[in-house]
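The values are calculated or read from the model by the stated rules, or taken from the named source; none is laboratory data. The structure presented is a predicted model; accordingly, all values stated were derived computationally and were not measured. Note: ideal-geometry Cβ built from the backbone for every residue, glycine included; neighbour counts use all protein chains shown. Remember, those area values only see protein heavy atoms, side chains included, never the ligands or the DNA or RNA. Shrake-Rupley method; radii C 1.70, N 1.55, O 1.52, S 1.80 Å.
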Amino acid sequence: ELEPTQLYEVTTLLGSSLDLDWIFAQLGSKVVDLLDCAASGIFLYNPQLEGLTFLRGLHLPAALTDNLLLKPGEGIAGRAYQTMRPAWTRDRLNDPSLAYTPAADQVLRAHGPRAYLAVPIVIRGEVLGVVVSCFREPHEVSGREGQLMTTLAGHAAIAMDNARHYEETRTQRVRL
């Protein structure tokens with residue numbers, strides 16, 4: 001069960017800035033702290049590339065994240081993006097439902113964690129990206145972890161939306 005104090009701290013923290021880099025850094029850090037996982041990652045959907053690109057993470061090797069592009073439906077992050085629902089795998093190496101492009105599969109085999117929980121970042125029916133928690137060994141995802149990640153992704157969506165509106169307003173003022 002998520003402690004109300006922790007929830008309040010996350011809400012306050014993610015709502016306290018309009019700087020997206022800072023918001024994403026805090027989000028990645030909170031995922032690792034609150035889920036006690038090995039690493040976290042944040043992916044944003046890139047319409048030009050028609051896939052999820054790695055934006056920022058904590059404790060993930062650059063060899064895994066540099067130039068990684070996940071198509072909708074590909075892997076756990078792509079599944080969360082496509083279904084607009086949390087997705088997870090207990091063990092990537094023993095999960096026949098997971099499909100990756102040959103390039104992504106090669107990188108994951110060399111550098112990837114074993115278990116993932118991915119939750120879409122959704123605002124007004126639009127999936128902006130996905131936040132992922134990563135575990136080095138096989139891991140059974142608990143209801144508490146799913147609830148926590150869903151809450152974190154929800155607060156990230158609001159913070160991203162606020163930052164986007166602020167930037168649009170600022171740009172309009174500069175034009176005027």
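Using protein chains only and a probe of 1.4 angstrom, how many square angstrom of HIS111 are accessible, to the nearest 10?
Counting only protein heavy atoms, the figure is 80 Å².
What size of dipole, in debye to the nearest 20, comes out for the chain about its Cα centre when the only charges are +1 on Lys and Arg C-beta atoms and -1 on Asp and Glu C-beta atoms?
Working: 16 positive and 20 negative charges, 78 e Å.
Taking the Cα centre of the chain as origin, the dipole is about 380 debye.
If you plug each phi of the range 16-31 into the Karplus form 6.51 cos²θ - 1.76 cosθ + 1.60 with θ = phi - 60°, what whole-Hz ³J(HN,Hα) values come out, in order, with x for Gly and Pro?
8, 9, 10, 8, 4, 4, 5, 4, 5, 4, 5, 4, x, 5, 5, 4
Taking all protein chains as present, what is the carbon and sulfur share of the accessible area of the chain, in % to the nearest whole number, probe 1.4 Å? Intermediate results must be reported in sequence, preceding the final value.
Details: 4850 of 9400 Å².
Answer for the chain is 52 percent, counting heavy atoms of protein chains only.
Considering the dipole of the chain built from charges on the beta carbon (Lys and Arg +1, Asp and Glu -1) around the Cα centre, which of TRP22, TYR116, GLY143 is farthest to its positive end?
Towards the positive end, the residue furthest out is TRP22.
Mind running the shape call on the chain? Use the C-alpha gyration tensor, a ≥ b ≥ c as the square roots of the eigenvalues: rounded below 1.5 for a/c, prolate if a/b tops b/c, oblate otherwise.
On the way: a/c = 1.96, a/b = 1.34, b/c = 1.47.
Oblate, because a/c is 1.5 or more while a/b does not exceed b/c.
Probe 1.4 Å, all protein chains in place: accessible area of ASP21 in Å², nearest 10?
Accessible surface of ASP21 is approximately 100 Å².
Just by accessible area at a 1.4 angstrom probe, what is the order of THR5, THR151, THR171 from largest to smallest? Show your work: numbers first, answer last.
On the way: THR5 90, THR151 35, THR171 55 Å².
Ranked list, largest accessible area first: THR5, THR171, THR151.
In the neighborhood of ILE121, defined by Cβ-to-Cβ distances under 14 Å, what is the net charge if each Lys or Arg adds +1 and each Asp or Glu adds -1? Walk me through the intermediate numbers first.
Working: positive: LYS30, ARG56, ARG85, ARG124, ARG164; negative: GLU126, ASP161.
That works out to +3.
Probe of 1.4 angstrom, ligands and nucleic acids ignored: what's the accessible area per residue over the range 45-159, in square angstrom? Intermediate values should be presented prior to the final figure.
Details: 5670 Å² over 115 residues.
It amounts to 49 Å² per residue over the range 45-159.
Given a Förster distance of 25 Å, report the FRET efficiency between ASP36 and THR11 from their Cβ-Cβ distance, rounded to the nearest 0.05. Please list the in-between numbers first.
Values: r = 20 Å, r/R0 = 0.81.
For ASP36 and THR11, the calculated efficiency is 0.80.
Before rounding to the nearest 500, sum -39500 (n - 2.57) across all DSSP H runs of length at least 4 in the chain and divide by the residue total; then give [θ] at 222 nm in deg cm²/dmol. Can you show the working numbers first?
Numbers: 6 runs with 83 residues, N = 176.
Computed ellipticity for the chain at 222 nm equals -15000 deg cm²/dmol.
Search the structure for amide H atoms under 5 Å from the amide H of LEU128, placed 1.01 Å from N in the peptide plane, and list their residues when 5 or more places away or on another chain.
Here ILE121, VAL122, ILE123 satisfy the definition.
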